[in-house]
Amino acid sequence: MLNAAAALDWSQVEPAIFGTLFERSLDPDKRAQLGQHYTSSEDILLVVEPVVIEPLQRRWAYVKAGATALAEAAEVAKGRVHAKLRNELQEKVVEWMEELSAVRILDPACGSGNFLPGAAPNARSVARSPRLRRRPRIADLHRKTSSPAATLWAGNNIYAQELASVVVWIGYLQWLNEHGIGWPVEPILRELD
């Protein structure tokens, strides 16, 4: 059965299904005692939008306005002034990516890990800029910003922790595929904190 399951195309599987399967495998009384239950995507976004996404989007809008002004000035400049403005533009974007790479998402009540894959892709999308990713230094920062390593898990059920880790990695791999970014280096699945 494992060989048959491994042969299937799992590329479009909804990662939250694993959390649901985990919850259903628990004794209902034990599940209630542990507080482990399915959280819908809609409920997750009620927290993620105002707490994670909106502050990042506001900060990005500020950085983007400054970067746009530098890019426009560099477009009409010549010689050393052009080079200076382009360097300032790159530094501004690199500073933003470094700031974003320091962002960590913590699910302090993690049961089966459904919150993290709901939060992480939204945070990744704030950092997404295909033109900027072509520059090696920025591409490296983008990988750090987008990586599941930016998520933190807290809980006392080791099985739930491992499941949450797999769910986060599956969501990440799907996000990479959907945005044409490519695949991470081996090993693809790594341990999360």
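Miscellaneous remarks
- Identity of the residue in segment 14-36, more than 18 Å from residue 161 (Cβ to Cβ) and part of a loop (DSSP other than H, G, I, E, B), that ends up modelled with the lowest pLDDT: 27
- Checking each residue in segment 154-193 for being over 15 Å from the mean Cα position of the chain (by Cα) and surrounded by 16 or more Cβ atoms within 10 Å (Cβ to Cβ) picks out 155, 157, 160, 161, 163.
- Test result for residue 7, exposed (fewer than 11 other Cβ atoms within 10 Å of the Cβ), out of contact with any helix residue (DSSP H, G or I) (no Cβ under 6 Å at 6 or more places or on another chain), at pLDDT 85 or above and more than 26 Å from residue 86 (Cβ to Cβ): yes
- Flag for residue 99 being modelled with pLDDT under 90 and farther than 21 Å from residue 176 by Cβ: yes
- The criterion of at least 1 residues that are out of contact with any Cys (no Cβ under 8 Å at 6 or more places or on another chain) and modelled with pLDDT of 70 or more is met by the following helices (runs of 4 or more DSSP H) wholly inside segment 124-193: 158-178.
- Test result for residue 56, out of contact with any His (no Cβ under 6 Å at 6 or more places or on another chain), modelled with pLDDT of 85 or more and crowded, with 17+ Cβ neighbours inside 10 Å: yes
- Residue count, segment 55-107 (criterion: touching a Phe, Trp or Tyr at 6+ places or on another chain (Cβ under 6 Å) and in a helix (DSSP H, G or I)): 1
- Residue within segment 59-72 that is in contact (Cβ under 8 Å) with a residue 60 or more places away in the chain and either farther than 29 Å from residue 104 by Cβ or surrounded by 14 or more Cβ atoms within 10 Å (Cβ to Cβ) (or both) present: yes
The values are calculated or read from the model by the stated rules, or taken from the named source; none is laboratory data. Keep in mind that what you see is a predicted model, and the values were worked out from it rather than measured. Note that each Cβ is placed from the backbone with ideal geometry, even for glycine, and that neighbours are counted across all protein chains shown.
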